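**Student:** My structure is below; once you've seen it, I'll send some questions.
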Amino acid sequence: MSKVVNEDYPKTNKPMSDNQLKKIAEAQYKAEQSSKSDEARDFPTEIVELPSKGKFYPEGHALSNGKIEMKYMTAKEEDILTNQSFIKNGVVLDKLFKSLIVTPVDYNDLLLGDKNAIMIAARVLGYGKDYPITVLDDDGNKQEEVVDLTKIEDKEFDWDRFEGKDPFTFELPVSKRMVTVRHTTHGIQRKIDAEIKGLAKFKKDPADLTTRLKHTIVAVDGDDSSGTIRKFVDSELLAIDSRALRKFIDEITPDVDLTIQCLSEETGDPFRSTINVGLDFFWPDIKI
């Protein structure tokens, strides 16, 4: 005779739906990760504030509080940085960030702006806050600057206008079409990169701009079919509307501000320069 374990458990012979199975799997995953996070840690960590403030992650998501926990870089991470296979395949930084992130999170969920903040934090936790760069003033004169990476701020963002509205609908200024767009995550960026790489493999125009829009737009005039979106981007989207849409996408995207204020050593005039993140951002003392 079978034993009743829980009288409150719904008695049904109906198979569970995909959504129910997904919820059960998510609950089990969260429980496992919670258990792991409760284990004693023997390494120091830091809490990193995310540019998105967690506003554009689903309720209950591990990053919805706007913070992520990261550990300091060790010799293990330097092994990752010098792995020639990772470097050749262009995945070395993602491997590094995954190794440093302590918060249990699906890496594909990371918004690109938040990933940039993680990149800055990883550099600070690995090699310190000072990052030497070469900049050009407005007259083209070169000079050396040392950037304090802990002073980098988030770009200006109108939270009153955009808080908690993902995806976003935008009316194109000329055609008056209504276009719905979403934030780009690491997972979406991977799909964009794969499509561009596939086009290049077949010697086709990689069309970076339109490929990105095809993955960022989720509906046109309420129609969310892939065919409609791709046809719209390829043959119906006016250049002037495309520019306005890309500006809107930039406005709704929280990110770090990688520009710095400098003073020309030649003229004494102030100028702004962009921090170009190259290989030496993570390899300051070795040649790759």
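**Student:** Residues of the stretch 215-276: accessible area per residue at 1.4 Å, in Å²?
**Tutor:** Roughly 55 Å² per residue, with all protein chains present.
**Student:** Shifting gears a bit: Return the Cα extents of the stretch 89-223 along principal axes one, two and three, sorted largest first, each rounded to a whole Å.
**Tutor:** So the three principal-axis extents are 49, 41, 37 Å.
**Student:** Accessible area per residue for the stretch 130-200 in Å², computed with a 1.4 Å probe and the full protein assembly in place, what is it? Don't skip to the end; give the middle numbers.
**Tutor:** Working: 4380 Å² over 71 residues.
Ligands and nucleic acids excluded, the result is 62 Å² per residue.
**Student:** From the square roots a ≥ b ≥ c of the eigenvalues of the alpha-carbon gyration tensor of the stretch 179-267, which class results: rounded (a/c under 1.5), prolate (a/b over b/c), or oblate?
**Tutor:** Note, shape of the stretch 179-267 comes out prolate.
**Student:** How large is ³J(HN,Hα), in whole Hz, for each residue of the stretch 56-73 in order, when computed from phi with the Karplus curve 6.51 cos²θ - 1.76 cosθ + 1.60 and θ = phi - 60°, using x for Gly and Pro?
**Tutor:** 10, 9, x, 4, x, 5, 4, 10, 5, 8, x, 9, 9, 9, 10, 9, 6, 5
**Student:** Output the pairs from K67/K165; K53/K76; K76/K155 with a Cα-Cα distance over 21 Å in this structure; if there are none, say none. Working shown, then result.
**Tutor:** Values: K67/K165 19 Å; K53/K76 30 Å; K76/K155 33 Å.
Table pairs above 21 Å Cα-Cα are K53/K76; K76/K155.
**Student:** Same structure again: With only Lys, Arg, Asp and Glu charged, each at its Cβ (+1 for the first two, -1 for the last two), find how big the charge dipole of the stretch 117-196 is about the Cα centre; round to the nearest 20 debye. Please list the in-between numbers first.
**Tutor:** Details: 12 positive and 17 negative charges, 129 e Å.
Rounded to the nearest 20 debye, it is 620 debye.
**Student:** Okay, moving on. Normalized C-alpha radius of gyration of the stretch 138-192, against 2.2 N^0.38 Å? Walk me through the numbers on the way to the answer.
**Tutor:** On the way: Rg = 18.6 Å, N = 55, 2.2 N^0.38 = 10.1 Å.
Cα-based Rg divided by the globular estimate yields 1.84.
**Student:** Given the pairs K71/K129; K71/K247; K151/K197, which span a C-alpha to C-alpha distance of over 24 angstrom in this model?
**Tutor:** Numbers: K71/K129 15 Å; K71/K247 35 Å; K151/K197 36 Å.
The pairs that break the limit, which is 24 Å between Cα atoms, are K71/K247; K151/K197.
**Student:** Using Cα-only point scatterers and the Debye equation, what is log10 of I(q)/I(0) for the stretch 75-122 at each q in 0.18, 0.19, 0.21, 0.31 Å⁻¹, rounded to two decimals?
**Tutor:** -0.56, -0.62, -0.75, -1.22
**Student:** Out of residues 5 or more away from G66 or on other chains, whose amide H comes under 5 Å of its own, with H placed 1.01 Å from N in the peptide plane?
**Tutor:** G54
The values are calculated or read from the model by the stated rules, or taken from the named source; none is laboratory data. This structure is a prediction, so every number in the text was calculated from the model and none was measured. Note that we place each Cβ from the backbone using ideal geometry, even for glycine, and neighbour counts take in every protein chain shown. Accessible surface areas use protein heavy atoms only, side chains included; no ligands, DNA or RNA. Shrake-Rupley method; radii C 1.70, N 1.55, O 1.52, S 1.80 Å.
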